[in-house]
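Everything below concerns the one structure shown next.
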Amino acid sequence: MKGNGAWHQIWVICQIAQIWCLAPFWVAAEEMPTLAGPAMGTTYRVTLAADISGMTRGEVHREVEAVLARIDRAASTWRNDSDASRFNGAAAGEWVMVSADLVTLVDTAREIHEQSEGAFDITVGPLVRLWSGRALEPSAIAIAEARGCVGMRLVESRPATTEAGAALRKSQAGVEIDLSGIAPGYAVDRIGERLLELGSAAHLVELGGEVRAWGQPSEGRPWRVRLRAADAGHGQPQEIFLADGMAVATSTCRPGRSPIDPRTGRPVASSSSDSSDRAATVRSATCAEADAWAVAAVVLGLQADADGTITVAPSTPAGPTAARRAVP
């Protein structure tokens, strides 16, 4: 699971249907300027190729923390004053003024929802609660009722560029959003972009297992990261290289704890002949995409390419390139 605290609780309660465990990453590099701390129920780590000219590490650290605080105010559902919580508590048909960050998160989630044919869905919470802690399978009527509150079609967004400002509204009572399957990756993207604005030419940002690279730690040498084997520790950690701008995220689900497929309202079927965890490691041009697609890939049962990863082609309806279904 993703650490402790409020965001960890979100992950357990609301996103247990989509992802059960996120493998940690370690940077395989010489000693470089490093910033780290707790965030979103887990930890983050920023590795700079070099200190930023004209700024102390403390000043840079505060800039990183400011980005994290901004996204927490937008996306946390364990803060009553967050944009996401205010939307979740609003009445159907009511426009809720929110930050541009939250609208961007929802719109990105909507794109991946469509590309994955509904496998990634930030409104899946009612189904998660229905199945959690049950000894007996819910009735077909109960599943149908919960599914009635699930679906990106039920959430409308208004961009910040409109005169009225950024806002969200739900078309039906009982609709809620939970961003814990995409917000950590989005935070990685925003931190990395802020560091570019501050003058960093190369850095690696990791939050709870999601990683993205900018620049190179030295000329002609890409960032190298090592991820724990996706099958819950079986085998040796895998080393991969990340080119400038590329991101990677890994997710797994444990045997006996199947994620729920938002499209059917039922747990994903697992193969009785395979005792290893279902897992996916996804590469993409943004960490938000890699984060969300790792969740979708577990639900879909997508098989990895020869290098053990699934590559997402951004902004295409096809979703992961060269990906194959691992289960029917």
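Where a number appears in this text, it was derived from the coordinates with a stated rule and is not lab data. Computed from a predicted structure; not experimentally measured. Here Cβ is always computed from backbone atoms with ideal geometry, including for glycine, and neighbour counts include all displayed protein chains.
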Q: Would you calculate the separation in nanometres between label points at Glu59 and Arg153, each defined as 7 Å from the Cα along the Cα-to-beta-carbon direction?
A: 5.3 nm
Q | Hull-based mean projected area of the range 116-187, where the convex hull spans the alpha carbons, in square nanometres | A | 6.6 nm²
Q: Please give the FRET efficiency for Ala100 paired with Asp305, using the beta carbon to beta carbon distance and R0 = 51 Å, rounded to the nearest 0.05.
A: 0.90
